[in-house]
Amino acid sequence: MNPQGIAVLGATGSIGVNTLDVVARHPDRFQVVVLTGHRQIDRLLEQAKRFHPRFLVVADAAAAADLRPRLAESGLNAEVLHGPAALEQVAVLPEVDMVMAAIVGAAGLPSAIAAARAGKKVLLANKESLVVAGRLFMEAVREGGATLLPVDSEHNAIFQSLPHDYAGDLDVAGIRKIILTASGGPFRGRLAEELAQVTPEDACKHPNWVMGRKISVDSASLMNKGLEVIEAHWLFNAPPDRIEVVVHPQSVIHSMVQYKDGSVLAQLGSPDMRTPIANVLGWPDRIESGVASLDFMALSGLTFEKPDLIRFPCLALAFSALAAGGDAPAVLNAANEVAVAAFLDRRIRFVDIPMVVESTLSVCDLSASASLADLLAADAEARRVALGKVHSC
Ligand code: NAD
Ligand code: MG
């Protein structure tokens with residue numbers, strides 16, 4: 001078997017590092033062609049020394065000028081490109097068979113959609129792509145003849161629990177509901193007064209998963225689950241009323257599919273992203289991930305509860321944005337990115353995040369953009385409005 005060429009976009013992040021951990025276990029199967037690392041030059045250099053990619057992409061000319069001499073010193077001759085256009089360029093290279101889309105935020109959209117249009121095997125961690133541009137993204141997948149495989153643990157669990165020939169019709173497949181599990185995050189059970197005081201460090205201490213800072217805050221606010229509801233809608237063609245969210249604090253069941261005969265199929269495992277990553281990297285084969293087997297005797301129990309939409313309004317905001325359609329999910333996402341960045345910079349409180357999102361949604365034009373360019377303009381406008389809301393918090 002010839003090794004498959006892989007581009008890891010966002011290689012220096014949490015998903016990127018886990019991806020390379022799995023890739024390193026299968027040198028005969030995968031050939032790293034591209035690594036991108038934005039401003040994390042030290043880590044990108046270390047990765048380049050280990051995986052010998054042909055191309056590296058960083059944020060800008062200054063970052064590229066920093067990296068180039070250090071590559072040369074190490075005797076590496078990878079080509080260093082920079083800027084957003086370079087991300088799109090490397091995603092469509094002929095020697096790239098699969099693209100791990102693991103950049104955080106809407107910044108990951110243009111390269112992920114370019115990979116889809118080019119008919120690549122797209123391993124999608126960047127859920128914001130589907131939230132911002134679900135319709136355009138799914139069109140690009142269809143028109144490009146791409147294979148889209150979900151990395152997000154919940155969607156990967158659903159993908160594994162669906163019939164193999166699932167073609168996007170819940171009724172034909174005999175499915176009643178898709179059930180997304182949520183850990184509830186680090187603030188599950190906290191009082192509303194306490195939530196006003198929590199710090200970025202508190203929010204980034206997730207009970208079960210180690211992740212990047214943005215998604216950690218999203219998990220704490222339940223916006224992550226909201227983004228995942230929208231992601232599930234596009235991936236599986238499921239209307240909002242057939243997507244249910246269940247809080248399951250142990251994060252052992254990664255999500256479920258309920259069929260009309262009463263059967264519920266689920267995927268279980270240790271909370272380690274290398275499992276869904278190995279699932280998509282190897283698909284349709286099963287490959288080693290380095291993840292230990294689940295030890296049932298060590299589990300104290302599996303519990304379930306309803307999400308608290310009063311203390312965590314972001315989930316309800318996401319459901320409403322999905323129901324509203326058009327650009328509402330894109331505006332929701334843009335406002336959330338601005339609010340989360342402001343919270344991480346200690347400019348607003350945790351409880352201000354949903355207020356910024358809701359007030360941005362209330363003033364922005366939510367009618368559907370027809371093209372990617374229009375959508376990116378709507379995204380930019382929503383960011384401008386959200387920044388104004390942040391200043392008035
Ligand atoms: P992270 O912050 O750890 O890493 C983000 C990566 O994107 C880094 O390589 C960074 O250099 C790069 N990056 C940041 N801003 C960029 C920009 N403007 N342009 C280009 N590159 C940029 O994030 P993460 O936790 O690895 O998450 C990545 C994506 O995967 C997110 O969309 C997240 O929602 C999704 N995801 C993550 C997890 C997880 O366990 N970490 C689970 C499911 C889904
Ligand atoms: Mg998830």
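The values are calculated or read from the model by the stated rules, or taken from the named source; none is laboratory data. Predicted model, so just to flag it, every value in this text is computed and none were measured. Reconstructed Cβ throughout: ideal geometry from the backbone, glycine too, with neighbour counts over all protein chains shown. With ligands, DNA and RNA removed, areas are computed over all heavy atoms of the protein, side chains included. Shrake-Rupley method; radii C 1.70, N 1.55, O 1.52, S 1.80 Å.
Listing for the model above:
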| read-out | value |
| --- | --- |
| Inter-label distance for ALA65 and GLU95, nm, one decimal - labels placed 7 Å from Cα along Cα-to-Cβ | 2.8 |
| Per-residue SASA entry for HIS52, accessible area with 1.4 Å probe, Å² rounded to 10 | 110 |
| Within a Gaussian network of the chain (alpha carbon springs, distance under 10 Å), most fluctuating of GLY212, GLY75, GLY105 | GLY75 |
| Simple Cβ-charge dipole of segment 151-223, Lys/Arg +1 and Asp/Glu -1, about Cα centre, in debye nearest 20 | 160 |
| Heavy-atom accessible area ranking, 1.4 Å probe, most first, across ARG70, ARG286, ARG50 | ARG286, ARG50, ARG70 |
| Computed label-point distance, nm, for sites ASP165 and ARG43 using a 7 Å Cα→Cβ extension | 4.3 |
| R0 of 30 Å, Cβ-Cβ distance LYS205-ILE287: FRET efficiency to nearest 0.05 | 0.45 |
| Phi-based couplings in Hz for segment 231-244 (Karplus 6.51, -1.76, 1.60; Gly and Pro marked x) | 4, 5, 4, 6, 5, 10, 6, 10, x, x, 6, 10, 10, 10 |
| Vicinal HN-Hα couplings computed from phi for segment 60-66 (Karplus, 6.51 cos²θ - 1.76 cosθ + 1.60; Hz; Gly/Pro x) | 8, 4, 5, 5, 5, 5, 6 |
| Surface accessible to a 1.4 Å probe, HIS82 within the full protein complex, Å² | 90 |
| Student exercise, segment 1-90 dipole from Lys, Arg, Asp, Glu Cβ charges, in Debye to nearest 20 | 180 |
| Long-range HN-HN contacts of HIS82 with modeled amide H, under 5 Å | VAL58 |
| Residue with peak Gaussian network fluctuation, the chain [Cα springs, cutoff 10 Å], from LEU191, LEU123, LEU56 | LEU191 |
| Student exercise, the chain dipole from Lys, Arg, Asp, Glu Cβ charges, in Debye to nearest 20 | 420 |
| Alpha carbon centroid spacing (whole Å) that separates segment 266-283 from segment 47-86 | 30 |
| Net lengthening on full extension, ASP241/TYR259 (0.36 nm per residue, minus Cα-Cα) | 5.0 nm |
| Burial order of peptide ranges 127-140, 373-386 (average beta-carbon count within 10 Å, highest first) | 127-140, 373-386 |
| Backbone HN-Hα couplings from phi across segment 125-138 [Karplus 6.51/-1.76/1.60, Hz, Gly and Pro as x] | 9, 5, 5, 4, 4, 6, 5, 6, 9, x, 5, 5, 5, 5 |
| Area accessible to solvent at MET211, 1.4 Å probe radius, in Å² | 50 |
| Within the accessible area of segment 4-150 (1.4 Å probe), percent carbon and sulfur | 49 |
| Options ALA323, ASN336, VAL57, ranked by Cα towards positive dipole end of the chain, top entry (Cβ charges) | VAL57 |
| Mean Cβ neighbour count within 10 Å, used as a protection proxy, ranking 341-347, 213-219 highest first | 213-219, 341-347 |
| Protein accessible area in segment 325-393, 1.4 Å probe - carbon and sulfur % | 56 |
| Accessible area, probe 1.4 Å, largest first, for residues VAL172, VAL96 | VAL172, VAL96 |
| More than 31 angstrom apart: percent of Cα pairs within the chain | 35 |
| Violating pairs (Cα-Cα greater than 21 angstrom) within the set LYS127/LYS389; LYS49/LYS214; LYS225/LYS389; LYS214/LYS389; LYS127/LYS225; LYS127/LYS214 | LYS127/LYS389; LYS49/LYS214; LYS225/LYS389 |
